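Before any comments, here is the structure.
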Amino acid sequence: MKTDANNNESGSAESQANSANAPPNFPPAEPATGLTEAEFLQQEAAKARAAIADAFADLRNNLKSTVDPHVLTRDHPWIAISTAAVAGFAAAVTLIPSKEQQALNKLAQLERARHAPPPPAAAASDNPAGAGGILGTIAAEALKTLRPLVTALLSAGIARAASPPPADSNGHTQTQDVATPS
């Protein structure tokens, strides 16, 4: 008889475990009296939409509180610090090349510079005024040479005009009066 009691107890334990894993047993929805089938289905669809919206709102609130870095850092400071250190190390390893890779990049750059093709010769179409000859070249070089001088003179003139007058002057230039003999 003892085995029967054990079987009954184990059977009830199994039914309890199965009921814990099973979805809740809702009573079947019956159409209210006076509603047509189409009205009933619309009512059920509205209820389903409201339930889905509530579920998404709960999910969003739970996700915000679960993933909030301030809460995680406050609750688990050592895990937060170690996670930040690992992320920083991973970023450094990924983004910063090693000394060997830097040396190889520099060597490749030097090789490219050593074997670079010569610059193309200047064509006559590059000069909009046409081939000016030796005098055109001399004039262009003279203008290039004089450009800093002209820029400096213009800057000095603008600075002098923009500077305030001395405190002891009235803003006018002084002319010397020529004494007339009497």
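Here are the numbers:
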{"read-out": "Residue match in the range 87-109 (condition: among the polar types (S, T, N, Q) and exposed (fewer than 10 other Cβ atoms within 10 Å of the Cβ))", "value": "yes"}
{"read-out": "The range 152-176 residues that are at pLDDT 70 or above, paired with ones that are not in a loop (DSSP other than H, G, I, E, B) (beta carbon under 8 Å, 6 or more apart)", "value": "none"}
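Results for (1) assigned to a helix (DSSP H, G or I); (2) at pLDDT below 90, shown as yes or no for each residue.
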position	(1), (2)
46	yes, no
57	yes, no
62	yes, yes
84	yes, no
100	yes, no
125	yes, yes
128	no, yes
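The values are calculated or read from the model by the stated rules, or taken from the named source; none is laboratory data. Predicted, not measured: the structure shown is a model, and the values here were computed from it. Cβ sites come from the backbone with ideal geometry, for glycine too, and all protein chains shown count toward neighbours.
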